[in-house]
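Rule-based calculations on the coordinates, nothing more; no lab input. Small disclaimer: the values here were computed from a predicted structure and weren't measured. Every residue, glycine as well, gets a Cβ built from its backbone with ideal geometry; the counts of neighbours run over all protein chains shown.
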Amino acid sequence: MDVIPVTITSRGLGSTARRDVWWATPLAIFVGLSLFIVYATWAAFQNAHYTYGPYLSPFYSPELFGDSPHAWLGPKPAWIPAWVPFSPALLILPFPGLFRVTCYYYRGAYYKSFWADPPACAVGEPRGSYWGEGSFPLVLQNVHRYFMWIAVGFLFILTYDVWLALWFTDAATGATRFGIGLGTILLAVNVVLLTGYTLGCHVMRHIVGGAHDEVSKHPVCDRAYACSSALNARHQLYAWLSLFSVAFADVYVRLCSMGIWTDLRIL
Ligand code: FES
């Protein structure tokens, strides 16, 4: 067998022999994630226009404390000091937020696009050493396995929100009756996309079947593993679609609440 000698040369940041537009994907990810972070942070601090009729923005669900009829435990409690910025979203957004931040797909994406470590495959990076995810602080990314369970809990809560979004109160009579609005559909689509994202999580895949040495000997696990693997193959797609749907659901509820958009009633 012929041995072909290869010389490995250390290059500076951005140096590469690649001729394709390797920077386009990291740049698009940088812009997309930045826009989401800025909007989600702004929306979370608003503490207003997060409900419209039976709709509740997913950024604010579950509304533990708050002034809307969706609040589980009533208004803001007295033990929260007045000088602390309060919003129902600030109490719950860290959980789905950390679930995404520690996601295996997003790690690969933002390590490249935000930290340039490396900017892309076979492209020079700014650092000469790599500690890996076995060392502090990146070892903390392992909490993802626990946040997945919290994310599953959120799926049930958001599904309940879709159920509530089917019941509209008649302004004239005060009676509640079944209906479907565009907001109902947007909240439902958001749950479907979040479910596809969560059930295709690498941790979920391991739990439902991957932990077995021979998963084919466990029929139920084998089926569940196949389903989770199918979703996992599109994990990147679900990650972006669900990120967009959760933000757009908030935009829709917010603009309807502000009177800028009119909710389209289908039924
Ligand atoms: S790996 Fe992406 S959500 Fe778990």
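What the pair-distance distribution of the chain shows, using all Cα-Cα distances binned every 10 Å from zero, is 6, 23, 28, 23, 13, 5, 2, 0, 0 percent.
Pair-distance distribution of the range 1-123: all C-alpha pairs, bin width 5 Å, starting at 0; shares per bin in whole percent are 2, 9, 14, 14, 12, 10, 9, 8, 6, 5, 4, 3, 2, 1, 1, 0. A cut-off of 5 Å between modelled amide H atoms, ignoring neighbours fewer than 5 places along the same chain, links GLY124 with GLY14, SER15, THR16. Rounded to whole Å, give me the distance from the Cα center of the range 191-229 to that of the range 46-114. The range 191-229 and the range 46-114 have Cα centres separated by 28 Å. Between TYR130 and ILE4, the modelled label-to-label distance comes to 2.2 nm, taking each label 7 Å out from Cα in the direction of the beta carbon. Within the shell defined by Cβ-Cβ distances under 9 Å, the residues around TYR50 carry a net charge of -1, with Lys and Arg each +1 and Asp and Glu each -1. Taking amide H atoms as placed 1.01 Å from N in the peptide plane, the amide H of GLY181 lies under 5 Å from those of ILE266, each 5 or more residues away in sequence or on another chain.
Taking a point 7 Å from the Cα of TRP149 along the Cα-to-Cβ direction, the residues of the range 210-225 with backbone N closer than 17 Å to it are 211. Comparing VAL84, VAL208, VAL246 in a Gaussian network model of the chain where C-alpha atoms under 10 Å apart are linked, the largest mean-square fluctuation is found at VAL84. Among the trypsin sites (Lys or Arg not before Pro) in the range 189-267, those placed in a DSSP loop whose Cβ has at most 13 other Cβ atoms within 10 Å are ARG234. Across the range 24-257, the relative contact order, built from alpha-carbon pairs under 8 Å that are at least six residues apart, equals 24 percent. Between SER15, SER87, SER61, the residue with the greatest mean-square fluctuation in the GNM of the chain (Cα pairs under 10 Å linked by springs) is SER15. Against the main long axis of the alpha-carbon atoms of the chain, helix 24-46 sits at an angle near 30°.
Phi angles across the range 212-227 convert, under the Karplus curve 6.51 cos²θ - 1.76 cosθ + 1.60 with θ = phi - 60°, into 3J(HN,Hα) values of 7, 5, 10, 5, 5, 7, 10, x, 5, 5, 4, 5, 4, 5, 5, 5 Hz, Gly and Pro given as x. Charge dipole (Cα centre; +1 on Lys/Arg Cβ, -1 on Asp/Glu Cβ; no other charges) of the range 24-257 amounts to roughly 160 debye.
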